[in-house]
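The values are calculated or read from the model by the stated rules, or taken from the named source; none is laboratory data. Note that this is a predicted model, so its numbers are computed, not measured. Cβ placement follows ideal geometry from the backbone for every residue including glycine, while neighbour counts extend to all protein chains displayed. Note: areas computed on protein heavy atoms with side chains; ligands, DNA, RNA excluded. Shrake-Rupley method; radii C 1.70, N 1.55, O 1.52, S 1.80 Å.
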Amino acid sequence: MLTKFETKSNRVKGLSFHTKRPWILASLHSGVIQLWDYRMGTLIDRFDEHDGPVRGVHFHKSQPLFVSGGPKFKFREASPGLSDTRFWWVGPCIRGLLIKGDDYKIKVWNYKLHRCLFTLLGHLDYIRTVQFHHEYPWIVSASDDQTIRIWNWQSRTCISVLTGHNHYVMCASFHPKEDLVVSASLDQTVRVWDIGALRKKTVSPADDILRLSQMNTDLFGGVDAVVKYVLEGHDRGVNWAAFHPTLPLIVSGADDRQVKLWRMNDTKAWEVDTLRGHMNNVSCVMFHAKQDIIVSNSEDKSIRVWDVTKRTGVQTFRREHDRFWILASHPEMNLLAAGHDSGMIVFKLERERPAFAVSGDSLFYTKDRFLRFYEFSAQKDTQVMPIRRPGSTSLNQSPRTLSYSPTENAVLICSDVDGGSYELYFIPKDSIGRGDSLQDAKRGVGGSAVFVARNRFAVLDKSNNQVLVKNLKNEVVKKSGLPIAADAIFYAGTGNLLCRTEDRVVIFDLQQRLVLGDLQTPFVKYVVWSHDMESVALLSKHAIIIASKKLVHQCTLHETIRVKSGAWDDNGVFIYTTLNHIKYCLPNGDSGIIRTLDVPIYMTKVSGNTIFCLDRDGKNRSIVIDATEYIFKLSLMKKRYDHVMSMIRNSQLCGEAVIAYLQQKGFPDVALHFVKDERTRFNLAIESGNIQIAVASATAIDEKDYWYRLGVEALRQGNAGIVEYAYQRTKNFERLSFLYLITGNIEKLSKMMKIAEVKNDVMGQFHNALYLGDVRERVKILESVGHLPLAYITASVHGLEDVAERLAAELGDNVPTLPEGKTASFLMPRVPVICSGDWPLLRVMRGIFEGGLDNIGRGAADEEDEAADGDWGEELDMVDVDGLQNGDVTAILEDGEVAAENEEEGGWDLEDLELPPEADTPRASVNARSSVFVAPTPGMPVSQIWVQRSSLAAEHAAAGNFDTAMRLLSRQLGIKNFAPLRPMFLDLHTGSHSYLRAFSSAPVISLAVERGWNESASPNVRGPPALVYNFSQLEEKLKAGYKATTAGKFTEALRLFISILHTIPLIVVESRREVDEVKELIIIVKEYVLALQMELRRREIRDDPVRQQELAAYFTHCNLQMPHLRLALQNAMTVCFKARNLATAANFARRLLETNPTIENQARTARQVLQAAERNMTDAAQLNYDFRNPFVLCGSTYVPIYRGQKDVSCPYCTSRFVPNQEGQLCTVCDLAVVGADASGLLCSPSQIR
């Protein structure tokens, strides 16, 4: 059983597949009807208007209808010998839905409208099943009133009542082709009814009298439906009966635990055979739509599959705790569904993917027990030879993989027979096209088999985890053990195998017995190599991994629905299929949809615009696709700009997806040529720096926000004319004033001051006076608004004595005093570097996309040509307001004011800027030569080059790419806590760059500092970044830590050692020898950190002498330098001796003497302790310490982990921990997660090489 979809819910009593869409209806015992998309695994809708169990659902074949039934609980009379109560469902699948309720009603629903359309009344007891007719507007229903009714759902009337059963009718269904109905009842019979007369009467009624006679049929039955056969043979009540879709067969299942097969002809029907095996009541049984099998399920918690021809059990599927109640078969696909006590499953009985192999222009594949040959160029399909299919009684024994050797014309066919086996066939050259020669294949057992050379093939021996290399005589010539516990092998080039495990793949060289590549992946199902064997696509259930021939990862694609197949096209693009799409994947990981699919296909080859594939029936198909989109993206990626230009001119490329892609990839200038919407054109023009198109679009849009953004972009480019124009359109006077200041346009700045005066904008007027350096105007403004002290100080400081005296007289005694001994500094504006005009622009050649693609928007550009001859920005004619008083401004109008305001007296009318007409939009620059300016394409930043070339975290941090640096450290060392590394990341980034200031108005220039740079280095070859941390610094810190430890400054020593641990992940060394030294340093520092942490912890404990002794004892088992070990032993000896643990103290004294201490005081004290302890070799307290049993210390709990006990370790510092610390942050290094998977320290380019 291949489970495709599974739900968890209440007991499922009814199921129905939709014929076209990937939908299934499930009716639940709780009264809910669920509509599921089994392909996506999502719940589409739910109908919960029933009060009791819903026993059945059924889609109509062509209308958006369904029928459902949901009575409340009712206890029926049990059939003889039974004591349980059960409810059943009926029917094959079509599109529509029926409802049977506890009020004996049938309801027809429209699932699009989500409501009941109408109700059919007539049954006198609970309704068991309902089903739509495949052709006529009929519904058949079975009921506990012992009748079967046929309804016309268009006229909403009952057209026939079938009577004859004398117990509950458990199910009734139409024949898929003939005018027959089959029913099953608890009266132990199956009845077949002939409704041919009903069809004739309904389709062409003779007269109205027949219609009137229908009124009597409700009570007494009619002659338009008669019993054709009564099938007796079951010993107990029959729960289900169903027709064969094409043959004159009926299958039934009953409470006697038997499945019976019946055959019928025109005159009689008889029992063919009985299928025994179920251990409880048979709930449902049906014929498979496409295979000669019967599927049944039962309350014995099993689904059984039976062979119709051999009439034997083929396979059994069981659940642990769930009884099965209902089965449904998809009318067109090889899908089944089963409902049970806790939900439902949608499944296949066996895989449909044909085994195939492609070799050049040829395709070999298996179909219907034959090996077939297909020629792509001629599209010719021929039968080659029959292949033996094993005589097994189980499913899923069809060929799984096929491998072909073109030189020897041999094929290897693998299947799951006997737990995995292969067959080797040789194809005679004259047999293609005949297909009748039968040969004995060479067979063997193996999980996978694949050709690895001209006359050699490899067979996987899972039990011994080895590969057997065999010749064409099926003789073993070589055995090779595998580096991983592989469950499958694939071809990976001559002499190489790709070995798969659950979560990784490796490429293994059989000759040298070396691993050539290793890659972590989801479970890989299929492997597809490119034509040149340089790239490989690894297909898993929901992902595609593209890698190089050495398994260097290139990209990963994730899909929400299942990936089915794939093939490489001639351009190196991987084309693949999902359940409902054909898609592409570019080498850089970009993907997209080529077209949708009605049914899944299995791609075999891509040639130009044609995809060759096999469908689920094993038929060859060719599909023509439009490759324009992915070829366009591929050309952009490979910078084939001549192809891009050709495709833009000649192809119908359009759509928001293409525009978004071009924006994302940094080609907004190309995207401009696909866009007509002015807002989108404006955004793209701003992004690409095309100020000319941006002006045209802003003019067409004419909204304040767009003019503002245009001004920002123009200011960034130094295009003062466009900036001025944008600010004028938005009347942004403050920005205009500042623009005139920095461009040195004194004349217009003076006019801006007059405008501010007219508008009575005091602050604007003062700012403009300040920008102009006009002191008298500033004094005048301050005086006019009543700030006489400020006016006096301004006049005094700037030497305007006459004005200062006049203001002093007005102030009288309130004259402010100036600070003594202070020198005044004048607030005068700086002189601009360049006065007026645009900033100088770099002159470069036009880009590849310029000129030839500029036809779009040409009209707007032509209009701008007229204004290009002069500096139009200088023609801004302000109203001359010289001599006017503030109140006398009625002649000055603000652009856009309504005319009615002119008639009001004392109105605050403002100036007319006399701006150019809207159509006269300016050119991008005042100089005609700037029309050839195109901003140069920026080169790749050095930091990006560093990131691309390096796998060292320190160099990523130096490049400023902290995110990838953290990911590398997490993958290599299991580091999770990056807070201690933050300052070092910043130091690395700052230290690998130098910063230059060109001049005051230019931004700071950042320069990359390279490691090992000299004057003879090539300017085009970038070296790695210079790093502020190196190994020699750590050696100095280590010496300082030793010194602090010797002096007893444990806190300072611990800080130094932890600092070393935090720095090691971010240093880079050159040689392998230095790498070993770095790893050795980690071990040394780790021991000191653990020892010092324990000693500091011991000093904090005051009230627990036993724990103090234990920590002192553990301190002596850390791997310390000899002077420090002696001090630790002396310390432990002293602590234990004072606590009267004389035996333990004697052990420490003995160990101390064995080190031959150079300090006489240490040796003398140890001898004295040893002598005192020998008189009374006892311990006053029991310690958790056994010096005879080797142990390591837990870095978190500080308890011994004795040899043989389980532990976990830190992936970075290798500290050991008790198992319950797994997943916690390491307390020694404070960086990594205990027990995390990590690949190991990477600190040198030599490790990568």
Check: (1) open to solvent by 20 Å² or more (accessible area, probe 1.4 Å); (2) closer than 26 Å to Ser622 by Cβ: which one isn't true of Lys541, the others all being true?
Finding: (2)
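Output the residues belonging to segment 1091-1124 that are outside any loop (DSSP other than H, G, I, E, B) and out of contact with any helix residue (DSSP H, G or I) (no Cβ under 9 Å at 6 or more places or on another chain). Spell out the reasoning first.
Initial filter on segment 1091-1124 (outside any loop (DSSP other than H, G, I, E, B)): 1091-1100, 1105-1115, 1122-1124.
Across segment 1091-1124, the qualifying residues are Glu1100, Val1106, Met1122.
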Next item on the list: Only residues that are over 28 Å from the mean Cα position of the chain (by Cα), modelled with pLDDT of 90 or more and more than 15 Å from Lys550 (Cβ to Cβ): list them for segment 491-512, please.
Entry: Tyr491
Item checked: Given (1) over 20 Å from Thr501 (Cβ atoms); (2) touching a residue at least 12 places away in the same chain (Cβ under 8 Å); (3) not β-branched (Val, Ile, Thr), index of the condition Lys549 fails -> (1)
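Just give me the residues in segment 786-799 being among the hydrophobic types (A, V, I, L, M, F, W, C), open to solvent by 20 Å² or more (accessible area, probe 1.4 Å) and under 15 Å from Ser825 (Cα atoms), in sequence order.
Taking segment 786-799 and keeping what is among the hydrophobic types (A, V, I, L, M, F, W, C), we get 788, 790-791, 793, 795, 797.
If we keep only those that are open to solvent by 20 Å² or more (accessible area, probe 1.4 Å) too, we end up with 788, 790, 793, 797.
Once the filter is applied, which keeps residues that are among the hydrophobic types (A, V, I, L, M, F, W, C), open to solvent by 20 Å² or more (accessible area, probe 1.4 Å) and under 15 Å from Ser825 (Cα atoms), segment 786-799 yields Ile793, Val797.
Kindly indicate whether any position in segment 524-531 is more than 21 Å from Phe356 (Cα to Cα), more than 21 Å from the chain's Cα centre (by Cα) and open to solvent by 30 Å² or more (accessible area, probe 1.4 Å). Talk me through it step by step, then tell me what you get.
Just the residues of segment 524-531 that are more than 21 Å from Phe356 (Cα to Cα), to begin with: none.
Looking for residues that are more than 21 Å from Phe356 (Cα to Cα), more than 21 Å from the chain's Cα centre (by Cα) and open to solvent by 30 Å² or more (accessible area, probe 1.4 Å), one finds none in segment 524-531, hence no.
Condition first: modelled with pLDDT of 80 or more and not acidic (Asp, Glu). Can you find one or more residues in segment 670-679 that meet it? Quick ask: steps written out before the conclusion?
Of all residues in segment 670-679, those modelled with pLDDT of 80 or more come to 677-679.
This time we only want the ones that are not acidic (Asp, Glu), so: 679.
Yes, some residue in segment 670-679 is modelled with pLDDT of 80 or more and not acidic (Asp, Glu).
Looking only at residues in segment 1-48 that are basic (Lys, Arg) and without any contact (Cβ under 8 Å) to a residue 60 or more places away in the chain, which one is least open to solvent (accessible area, probe 1.4 Å)? Talk me through it step by step, then tell me what you get.
As a first pass, look at segment 1-48 and keep what is basic (Lys, Arg): 4, 8, 11, 13, 20-21, 39, 46.
So of that shortlist, the ones also without any contact (Cβ under 8 Å) to a residue 60 or more places away in the chain come out as 21, 46.
Numbers: Arg21: 88, Arg46: 109 Å².
Only one residue tops the list, namely Arg21.
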Next item on the list: Please list, ordered by first then second residue, the pairs with beta carbon atoms under 6 Å, 6 or more apart or interchain, first in segment 1149-1173 and charged (D, E, K, R), second open to solvent by less than 30 Å² (accessible area, probe 1.4 Å).
Entry: Arg1151/Leu1129
Note to self: Condition check: small (Gly, Ala, Ser) and open to solvent by 40 Å² or more (accessible area, probe 1.4 Å). Does Gly1204 satisfy that?
What the structure shows: yes
Note to self: Looking only at residues that are farther than 18 Å from Ser405 by Cβ and acidic (Asp, Glu) in segment 466-512, which one is most open to solvent (accessible area, probe 1.4 Å)?
What the structure shows: Glu502
Check: Does segment 212-233 include one or more residues that are at pLDDT 90 or above and open to solvent by less than 10 Å² (accessible area, probe 1.4 Å)?
Finding: yes
Item checked: Residue in segment 746-785 that is farthest from Ala804 (Cα to Cα), counting only those that are touching a Leu at 6+ places or on another chain (Cβ under 9 Å) and in a loop (DSSP other than H, G, I, E, B) -> Lys759
Item checked: Enumeration of residues in segment 1038-1057 that are crowded, with 18+ Cβ neighbours inside 10 Å and farther than 17 Å from Asn1119 by Cβ -> Ala1044, Leu1056
Item checked: Pairs where the first residue, in segment 609-632, is on the phi > 0 side of the Ramachandran plot and the second is modelled with pLDDT under 90 and not small (Gly, Ala, Ser), C-beta under 9 Å, 6+ apart -> Gly618/Glu352; Gly618/Pro354; Gly618/Tyr365; Gly618/Thr366; Gly618/Lys367; Gly618/Asp368; Gly618/Arg372
Note to self: I'd like to check something: does segment 343-356 contain any residue that is in contact with an Asp or Glu (Cβ under 9 Å, 6 or more places away or on another chain), open to solvent by 20 Å² or more (accessible area, probe 1.4 Å) and either outside the structural domain of Arg128 (by the TED database) or at pLDDT 90 or above (or both)?
What the structure shows: yes
Notebook entry, point to check: When you scan segment 1094-1120, how many residues do you find that are open to solvent by less than 30 Å² (accessible area, probe 1.4 Å) and either in contact (Cβ under 8 Å) with a residue 60 or more places away in the chain or within 30 Å of Phe1031 (Cα to Cα) (or both)?
Noted result: 11
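What number of residues within segment 246-283 are among the acidic types (Asp, Glu) and either more than 17 Å from Cys171 (Cβ to Cβ) or at pLDDT below 90 (or both)? I'd like the intermediate steps shown before the answer.
First, the residues of segment 246-283 that are among the acidic types (Asp, Glu): 255-256, 266, 271, 273.
Filter once more, keeping what is either more than 17 Å from Cys171 (Cβ to Cβ) or at pLDDT below 90 (or both): 266, 271, 273.
Of the residues in that region, 3 qualify.
If you go through segment 980-1038 one residue at a time, how many are part of a loop (DSSP other than H, G, I, E, B) and at pLDDT 85 or above? Talk me through it step by step, then tell me what you get.
Of segment 980-1038, the ones part of a loop (DSSP other than H, G, I, E, B) are 992, 998-1003, 1009, 1011-1024, 1026-1030.
Now restrict to residues that are at pLDDT 85 or above: 992, 1009, 1024, 1026-1030.
Number of matching residues: 8.
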Check: Is one or more of the residues making up segment 1163-1186 part of a strand (DSSP E or B), charged (D, E, K, R) and out of contact with any Asp or Glu (no Cβ under 8 Å at 6 or more places or on another chain)?
Finding: yes
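Pull up segment 593-629, narrow it to residues that are hydroxyl-bearing (Ser, Thr, Tyr) and open to solvent by 40 Å² or more (accessible area, probe 1.4 Å), then point me to the one that is nearest to Arg353 (Cα to Cα). Working first, answer last.
Within segment 593-629, the first condition is being hydroxyl-bearing (Ser, Thr, Tyr), and the residues that meet it are 596, 602, 604, 607, 610, 622, 628.
Imposing the further condition that a residue be open to solvent by 40 Å² or more (accessible area, probe 1.4 Å) reduces the set to 596, 607, 622.
Numbers: Thr596: 19, Ser607: 22, Ser622: 17 Å.
In this case the residue turns out to be Ser622.
Return yes when Trp109 is at pLDDT below 90, of a type outside the set (Val, Ile, Thr), surrounded by 16 or more Cβ atoms within 10 Å (Cβ to Cβ) and in a strand (DSSP E or B) and no when it is not. Don't jump to the end; show me each part of the working.
Values: at pLDDT below 90: yes; of a type outside the set (Val, Ile, Thr): yes; surrounded by 16 or more Cβ atoms within 10 Å (Cβ to Cβ): yes; in a strand (DSSP E or B): yes.
So Trp109 passes the test.
Residue by residue, here is whether (1) in the same structural domain as Ala453 (by the TED database); (2) closer than 30 Å to Lys470 by Cβ; (3) touching a strand residue (DSSP E or B) at 6+ places or on another chain (Cβ under 9 Å); (4) not basic (Lys, Arg) holds:
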site	(1), (2), (3), (4)
Gln512	yes, yes, no, yes
Val515	yes, yes, yes, yes
Tyr526	no, yes, yes, yes
His531	no, yes, yes, yes
Ala543	no, no, yes, yes
Glu559	no, no, yes, yes
Asn571	no, no, no, yes
His581	no, no, yes, yes
Gly592	no, no, yes, yes
